[in-house]
Amino acid sequence: MKYKIYSTIAIATLMMSSCHDNWTPAAEEDGMGQLRMEAIDVTNAENVIKRAGLDVSNFIVTVNDAEGQKVQQWKFAEMPEIMTLPVGENYSIDVISHVQQKAAWDAPYFKGSSEKFNIVKNQLTNVGTVTCKLSNIKVSIRFSEELKALMAEDCKVTVIANDEGTLEFGPNETRSGYFEAVEGSSTLIATFSGTVGGSYEEIRKIYTDVEAGQHRIITYSVKAGDPTIPDENGQINVGNGITIDMSTIDESIEGNVAVDEDVIEGDRPGQEDPIDPDPEPGPDEPGEEYFTFDTAISLTETNQAIEGNDYSIVIKSVNPLNNLKVKIESGYLTEEFLGSVGLVPEFDLADLTPELEAQLGDGGFGFPTGNEVKGQTEVTFDLTPFIPLLNLSPTPNDIHKFHLTVIDDQGNEKTITLTFISGVE
């Protein structure tokens, strides 16, 4: 939708002057020409602001020279219909809605630029309409009614973007937050914290692909069923029994709105539902139907390395197992570092040297080793004792990956990856 404002006084003056036989252009000096910008077009404003119309009168219009230096600047409502500028090439016009902040409530930031143009002596250059689009990040937080009924007054969601912008969303917050999109900083962190059903909850989700023009709608709800309804024993499932779902819908407002819903495992660590990945194998994944993994760890998202949580996986195999290989990929847990504590970045728990057996088995991290793996159809791999080692990393938001490869005695093979983040700031 286009939003146009014209200076009627300037138009009337121009028409009166053009009717006079002796009228000459306002710019009579050598090396001067004229410029006209007709209107501002705001793309999909209806999807950003839920009210009738959009006032562009205070949008800031800046004329820049070939080096990008400001030549003239006005509010759109105060901009003359005809501008006089020195002759030159590669001028441009930038339009912004306002000077934006790192984070603000209900403050969509629109930005647009014209094509390059030239100013020719004693000629009028018409750049027509400059199109603007949403150029910051919109975030909306929603809570289900079932969850609201269990939330105490201290509940909130803290959203951090562009390394500096921060807003806190309370249970009754209806406004959207807008965050500056900074080049080179595409991370947004949403943290739910507070007392739910008498138990303190904290859920953090890190988004790493945030861009200008996006609308992130983050919804929190109680997981699976109504915990306020008594169960078969007459008990109400509250406190430590409560788990919370976190889902997002991403809208792109830079043109036609494209909605893509992505359900995110946002449960409190250690209380997620077990995941049975891909029970029906595809043709490009041979052997996948022979293994299942029962775990509270997300196999598709990054897990926070929180000490005290349960990071175990029950590996079930149709046929007896032959190998359980582990590969550690971490910028902190390097081969040199692991060697200093008697470990290596790759090993097979079914076939260890005596030295590794002592470090990784019952005398060390408590991993299943040797015949506890080989010949078994069910093995529990518990990474929990390893978590404190991850948290020694001095680097904030350090990523650690554990690639587990199971192979049965028929040669069927399956690899899964567990990803952890430590030192979260």
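Considering only residues in segment 164-202 that are among the acidic types (D, E), touching a strand residue (DSSP E or B) at 6+ places or on another chain (Cβ under 9 Å) and modelled with pLDDT under 90, the one that is nearest to G213 (Cα to Cα) turns out to be E164. Of the strands (runs of 3 or more DSSP E) lying entirely inside segment 30-80, those containing at least 2 residues that are modelled with pLDDT of 85 or more, open to solvent by less than 30 Å² (accessible area, probe 1.4 Å) and farther than 18 Å from Y178 by Cα are 32-42, 60-64. The residues of segment 299-318 that are out of contact with any Pro (no Cβ under 9 Å at 6 or more places or on another chain) and not in a strand (DSSP E or B), listed by number, are E301, G308, V318.
Let's see how each residue does on (1) open to solvent by less than 60 Å² (accessible area, probe 1.4 Å); (2) under 25 Å from T302 (Cα atoms):
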| position | (1), (2) |
| --- | --- |
| N323 | yes, no |
| G366 | yes, yes |
| G370 | yes, no |
| I387 | yes, yes |
| K401 | no, yes |
| V406 | yes, yes |
| T417 | yes, yes |
| F420 | yes, yes |
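Candidates are the residues of segment 372-385 that are within 39 Å of the chain's Cα centre (by Cα) and either open to solvent by 40 Å² or more (accessible area, probe 1.4 Å) or among the polar types (S, T, N, Q) (or both); the one that is farthest from V314 (Cα to Cα) is P385. Going residue by residue through segment 156-176, is there one that turns out to be within 30 Å of A39 (Cα to Cα) and either among the charged types (D, E, K, R) or not in a loop (DSSP other than H, G, I, E, B) (or both)? Yes, segment 156-176 contains at least one residue that is within 30 Å of A39 (Cα to Cα) and either among the charged types (D, E, K, R) or not in a loop (DSSP other than H, G, I, E, B) (or both). Does segment 133-149 include one or more residues that are more than 25 Å from R36 (Cβ to Cβ) and free of Cβ contacts under 8 Å to residues at least 12 places away in the same chain? Looking through segment 133-149, at least one residue is more than 25 Å from R36 (Cβ to Cβ) and free of Cβ contacts under 8 Å to residues at least 12 places away in the same chain. Under the condition of being part of a strand (DSSP E or B) and open to solvent by 10 Å² or more (accessible area, probe 1.4 Å), the residues counted in segment 181-206 number 12.
The values are calculated or read from the model by the stated rules, or taken from the named source; none is laboratory data. Here the structure is a predicted model, which means the values were calculated and not measured. Counting neighbours? That spans all protein chains shown, and the Cβs are built from the backbone with ideal geometry, glycine included. Quick note on the areas: whole protein, heavy atoms, side chains included, nothing else; ligands and nucleic acids left out. Shrake-Rupley method; radii C 1.70, N 1.55, O 1.52, S 1.80 Å.
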